[in-house]
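Beneath this line is the structure, given in structure tokens, with notes to follow.
The values are calculated or read from the model by the stated rules, or taken from the named source; none is laboratory data. Given the structure is predicted, the values throughout are model-derived calculations rather than measurements. Cβ placement follows ideal geometry from the backbone for every residue including glycine, while neighbour counts extend to all protein chains displayed.
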Amino acid sequence: MRAYHDLGGLPAGPVERAEHDYALWEKRVDAMLVLLGDKGLMRTDELRRAIEGLGSAAYERMSYYERWLAAIVEIMIERGVVTVDELGRKMAEIEERRDEAL
Amino acid sequence: MSRHFAVGERVRVRQASPPGHVRTPAYARGKDGLVERLCGRFANPEELAYGRLGLPARTLYRVRFAQSELWPDYRGHTSDTVDIEIYEHWLEPAIHA
Amino acid sequence: MHDGHDHPTLPERDEELNRAQITEMALRQLLHEKGVITADELRRQIETMDARTPAQGAAVVARAWTDPAFKARLLADGAAACREAGISTGPFNLVVVENTPEQHNLVVCTLCSCYPRYVLGLPPDWYKSKAYRARAVREPRAVLAEFGTVLADGVAVRVHDSTADMRYLVLPMRPNGTEGWSAPRLAELVTRDSMIGVAPARDP
């Protein structure tokens, strides 16, 4: 029984050598993880565990920093740094502001 | 709990598939290799992953595996190897010398 | 298909990506409001990360090529030698593995995407791709060939799977025809890919 992130030795196609410059939001996600780690609020293994818990469909579909973000949010909720309710309200507020701007 | 190994000693990776967060890749489980070096002692990632401290720290080994041990159908050279970092509680003495 | 990339033609993916950006904004603003992470800390961390590029690793490699005592220290304790060269490896130990006429080293992380980011910056997308992670440990010679690297007969391939607390940097072989070159000039031949191990250093 092999977990879906545990890829060593599985059959796969050619290595596509595409690269992209990281977008600002991706850099912010990266920076948030580093800073949360520095402050003792999150461990790399917690990030990995949360990514490993996303489910194989989400793991396949999401981009790298989408996975990180989903995992950081999960751990921040678990640790009580932010609540589900706060996130829900803040996201609604952001979407509303954006809709007004359009 | 687990015994310690010396550089050059032949070890076997435990064959186990626990649920939860583990840093021992599936392809190495049940395989034999030689201890390449001791990396130091580190908090156990299987505990850190759940917000605990992961203490006592575990010895981390680098184990060198022959490719032909990992993949019976390996087509490269017989001297090709893979080095993998493995925590002490995943290692046991290899059965033969 | 490789991970890290999207299908921009699919509206559902656009919606998901859009949602990720809104989630990032919401989390960031909450962390600011709660005083967990300030906007200034975040900006400085991004600048710090942006400043880490393969040029750092290249400087270390070029110094090792020109200074045998430094090379010995680098191979014995990569983190300490990098610190000596003014480069932090953060909380990680750095294992420097040397390519020789007898052996070629290749670095991968099959479980996630561990990479010597303090020394080389953020990894390229292909390093994090399913294909690279799956195949580098099982058919390293085929993967190397896809990168245009064909090894001579008798060269052993040593793959390093970064599964835990070590990070790995390949010390590529110094190209022929560079006798007497200064370290800064040599550093220009040291590519990121040569320090991951998928390619040799550039020829002069």
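For C:S162, only one of the following conditions fails: (1) surrounded by 23 or more Cβ atoms within 10 Å (Cβ to Cβ); (2) of a type in the set (G, A, S); (3) without any contact (Cβ under 8 Å) to a residue 40 or more places away in the chain. What is its number? The single condition C:S162 does not satisfy is (3).
Take the conditions surrounded by 13 or more Cβ atoms within 10 Å (Cβ to Cβ) and facing chain A (nearest Cβ under 7 Å) and apply them to C:Q45. Does it pass? For C:Q45, the condition - surrounded by 13 or more Cβ atoms within 10 Å (Cβ to Cβ) and facing chain A (nearest Cβ under 7 Å) - is met. For the stretch A:18-43, a residue qualifies if it is surrounded by fewer than 17 Cβ atoms within 10 Å (Cβ to Cβ), within 24 Å of C:Y132 (Cβ to Cβ) and within 9 Å of chain C (Cβ to nearest Cβ), and the qualifying residues are A:A18, A:E19, A:H20, A:A23. Residue check: A:Y65 meets all listed conditions (1) in contact with a helix residue (DSSP H, G or I) (Cβ under 6 Å, 6 or more places away or on another chain); (2) at the interface with another protein chain (Cβ under 7 Å from one of its Cβ atoms) but one, namely (2). Scanning the stretch B:57-76 for residues that are within 19 Å of B:E92 (Cα to Cα) and not basic (K, R) gives B:A57, B:T59, B:L60, B:Y61, B:V63, B:F65, B:A66, B:E69, B:L70.
Considering the stretch C:91-124, and only residues there that are modelled with pLDDT under 95 and either in contact with a strand residue (DSSP E or B) (Cβ under 8 Å, 6 or more places away or on another chain) or more than 9 Å from every other protein chain (Cβ to nearest Cβ) (or both), the residue that is nearest to B:E36 (Cα to Cα) turns out to be C:N93.
Scanning the stretch C:21-44 for residues that are within 24 Å of C:L120 (Cβ to Cβ) and touching a residue at least 12 places away in the same chain (Cβ under 8 Å) turns up just one, C:L42.
Output the residue which, of all residues in the stretch C:141-160 that are in contact with a helix residue (DSSP H, G or I) (Cβ under 8 Å, 6 or more places away or on another chain) and at the interface with another protein chain (Cβ under 8 Å from one of its Cβ atoms), is nearest to B:T24 (Cα to Cα). Here the answer is C:V159. Within the stretch C:128-142, is there a residue that is more than 15 Å from the chain's Cα centre (by Cα), more than 20 Å from C:R73 (Cβ to Cβ) and in contact (Cβ under 8 Å) with a residue 60 or more places away in the chain? Looking for residues that are more than 15 Å from the chain's Cα centre (by Cα), more than 20 Å from C:R73 (Cβ to Cβ) and in contact (Cβ under 8 Å) with a residue 60 or more places away in the chain, one finds at least one in the stretch C:128-142, hence yes.
Being buried (at least 24 other Cβ atoms within 10 Å of the Cβ), touching a Ser or Thr at 6+ places or on another chain (Cβ under 8 Å) and more than 23 Å from C:R52 (Cα to Cα) is a description that applies to C:A136. Against the criterion of being out of contact with any Gly (no Cβ under 9 Å at 6 or more places or on another chain) and within 28 Å of C:L111 (Cα to Cα), A:L87 does not qualify. Taken together, A:G8, A:G37 contain a single residue that is over 21 Å from the mean Cα position of the chain (by Cα) and either modelled with pLDDT of 95 or more or charged (D, E, K, R) (or both), which is A:G8.
Condition check ((1) in contact (Cβ under 8 Å) with a residue 40 or more places away in the chain; (2) crowded, with 18+ Cβ neighbours inside 10 Å; (3) within 24 Å of C:R141 (Cβ to Cβ)) across all residues:
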| site | (1), (2), (3) |
| --- | --- |
| B:C39 | yes, yes, no |
| B:Y50 | no, no, no |
| B:E69 | no, no, yes |
| B:D73 | no, no, yes |
| B:T78 | no, no, yes |
| B:I86 | yes, yes, no |
| B:H89 | yes, no, no |
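If I ask for residues that are among the hydrophobic types (A, V, I, L, M, F, W, C) and surrounded by fewer than 16 Cβ atoms within 10 Å (Cβ to Cβ), which ones from the stretch B:2-37 would you list? Passing the criteria: B:A6, B:V7, B:A16. Collect the residues in the stretch B:27-57 that are more than 13 Å from chain A (Cβ to nearest Cβ) and either within 20 Å of A:D6 (Cα to Cα) or in a strand (DSSP E or B) (or both), keeping them in residue-number order. B:D32, B:G33, B:L34, B:V35, B:E36, B:R37, B:L38, B:C39, B:G40, B:R41 - these are the residues of the stretch B:27-57 that are more than 13 Å from chain A (Cβ to nearest Cβ) and either within 20 Å of A:D6 (Cα to Cα) or in a strand (DSSP E or B) (or both).
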